[in-house]
Amino acid sequence: MPKLSEATRADRRQRLIESGWQCLAKSSYADLSVDEICLQASISKGAFYGYFPHKEALLLALLEDDAHAMEDHMAKLAAAEPSALIRLRSFAASMLEHAQAPGRAQIAADLWAAMLSDARVRRVVGASTARRRRILRSWIEAGVASGELVGAPANALASLMLALGDGLTIHARLDPEAFKWENIRVTVDLLLRALEPR
């Protein structure tokens, strides 16, 4: 059998990750089977185990994929937008859009359960949350220093924004009719306006 190029291997691994997201939009992580993921990806089960030694390894890959997507978006915001307030608003908008994705809502619910019993999951989630908190904190500190934002405890505000996204994702999963996402967007924008100096 010919050896696969690194590009082909990377493409197949990413297909498995994308298939994992697609499958999670329809079922829970606990009910998800390797067979189902392989069928969705059009990749053999044997090939799956060449990338992930077990299903739990795919969960960690999904977590890292999710974290990298958000961090890449934050890096683009930082490079393109000098205004701290606009960065925060753009981040909040993308966070809310992200929270609505069905597969991500399912993985978030499963994550909270997994974090109670799996130290690896706790480490991955904790590290990615800390990275995003540091970025948001730096934006807030820069905005306060420039006078664009009112003085606020930067770490607390960054933590609040991250917790808001996580909490809404879980609440929407518990009860899809609990609130309207459009009303959440309006309310978050109102809260962020309170950061503008009067």
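The values are calculated or read from the model by the stated rules, or taken from the named source; none is laboratory data. Computed from a predicted model, the values in this text were never measured in an experiment. Side chains included, ligands, DNA and RNA excluded: accessible areas come from the protein's heavy atoms. Shrake-Rupley method; radii C 1.70, N 1.55, O 1.52, S 1.80 Å.
Can you tell me the accessible area per residue over the chain, all protein chains present, probe 1.4 angstrom, in square angstrom?
55 Å²
Would you mind giving the three semi-axes, in whole Å and largest first, of the ellipsoid equivalent to segment 92-145 according to its Cα gyration tensor?
The answer is 25, 17, 6 Å, longest axis first.
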Size of the chain along its principal axes in angstrom, Cα-based, largest extent first?
-> 67, 39, 29
Using alpha carbons only, what's the Rg to Rh ratio of segment 3-95 with Rh from Kirkwood?
-> 1.11
With everything on Cα atoms, drop me the angle between helix 154-174 and the longest principal axis of the chain, reported from 0 to 90° to the nearest 10.
-> 50 degrees
Given only helices, namely DSSP H runs of n ≥ 4 each adding -39500 (n - 2.57), what is the per-residue ellipticity at 222 nm of the chain, to the nearest 500 deg cm²/dmol?
-> -26500 deg cm²/dmol
Stick to Cα atoms and the Kirkwood definition of Rh, then tell me Rg/Rh for segment 38-139.
-> 1.04
Long-range amide H partners of L149, meaning residues 5 or more apart or on another chain whose placed amide H is closer than 5 Å, are V144
Once phi is turned into θ = phi - 60°, what whole-Hz ³J(HN,Hα) does the Karplus curve with 6.51, -1.76 and 1.60 give for every residue of segment 183-191, x standing for Gly and Pro?
-> 5, 4, 4, 4, 5, 4, 5, 4, 4
Karplus 3J(HN,Hα) series, Hz, for segment 34-46 with 6.51 cos²θ - 1.76 cosθ + 1.60 (x for Gly, Pro) = 4, 4, 5, 5, 5, 4, 4, 8, 6, 10, 5, 5, x
Using the alpha-carbon atoms, what tilt in degrees (0 to 90, nearest 10) does helix 84-100 show relative to the longest principal axis of the chain?
-> 40 degrees
